[in-house]
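The structure under discussion appears below in the form of structure tokens.
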Amino acid sequence: MIAGLVIGLMASLHCIGMCGPIALALPLNRTTTATKWIGLMQYGLGKTIAYTLLGVLIGMIGAGVQLLNGLQILSIVLGALTILYGFFKIFAIKISVRSLPSFGGFSSLTIRFFKSKSPFRLLLIGLANGFLPCGMVILALTNALVVGSTMQAIWAMVGFGLGTLPILFSVNLIGQNFSSSVKSKWAPMLPYYIVLVGAFIVLRGLNLGIPCLSPKIEKPKNVVEQNDTYRM
């Protein structure tokens, strides 16, 4: 969860460019400070729920890979690809994303929820917004995929969701000037951060037995039992 939280905190400095305008446009009840904060918490909860659901899905995939005893290799490969993506950013090498699937449905839902009169519309806006495509979400999902279990993947994505909230709340409370200032200062550092996360994912796959940084990836019990049977 800690790794997901750190990724979320750092990612929010990048996502402020995409999600900042949405945060500024949220249909909050600004009658009192309390009603404003309640609305912001609804929005944040919706986003975190979306990331949690993604964590369930990616955790199930990761658990399946672990059962096939391929989690270590997957971690190294995904970490290497993340590092490569970071270098592409550093050297301004453009990557075509035309072949990626469209998520226009979630954009339409977000617009529809903005117009809704439901008392839970801010929760729904956050939920729909959480499923919008974002490079930092993909980075968080990559981290969650290689943690080794479905529950750990869920907590990694919960941590990511919580980590994205402080900056987005600050944007809404302070305004557009804060958004532009943070974005201009953080943007040049982002590619190096991506490379750092990629290196962390590779280290995790190397199985060096270093707590937190590169813990031992335990084989599932059924795999261990099968290996013991073969030795006998």
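Brief remarks follow.
- Remark: the stretch 129-142, residue by residue, has Karplus-estimated 3J(HN,Hα) of 5, x, 9, 5, x, 7, x, 6, 5, 4, 4, 5, 5, 4 Hz, where x stands for each Gly or Pro and the curve is 6.51 cos²θ - 1.76 cosθ + 1.60 at θ = phi - 60°.
- Solvent-accessible surface of the stretch 28-79, taken per residue with a 1.4 Å probe and all protein chains present: 51 Å².
- Rough spin-label spacing in nm, given labels placed 7 Å along Cα→Cβ, for residue 208 and residue 33: 4.7
- In terms of distances greater than 28 angstrom between alpha carbons, the cross-link table entries 47/117; 36/117; 47/185; 47/115; 36/115; 89/216 yield 89/216.
- Estimated FRET transfer efficiency when R0 is 35 angstrom, pair residue 53-residue 216 (beta carbons, to 0.05): 0.75
- Between residue 67 and residue 1, the modelled labels are 2.7 nm apart [label points 7 Å from Cα along Cα→Cβ].
- Heavy-atom accessible area ranking, 1.4 Å probe, most first, across 195, 6: 6, 195
- Model label zone, residue 77; criterion: amide N under 20 Å from point 7 Å along Cα-to-beta-carbon; scope the stretch 48-66: 57-66
The values are calculated or read from the model by the stated rules, or taken from the named source; none is laboratory data. A quick note: this is a predicted structure, and the numbers were derived from the prediction, not measured. No Cβ is skipped: glycine too gets one built from the backbone with ideal geometry, and neighbour counts run over all protein chains shown. Please note that ligands, DNA and RNA were not included when accessible areas were found on the heavy atoms of the full protein model with its side chains. Shrake-Rupley method; radii C 1.70, N 1.55, O 1.52, S 1.80 Å.
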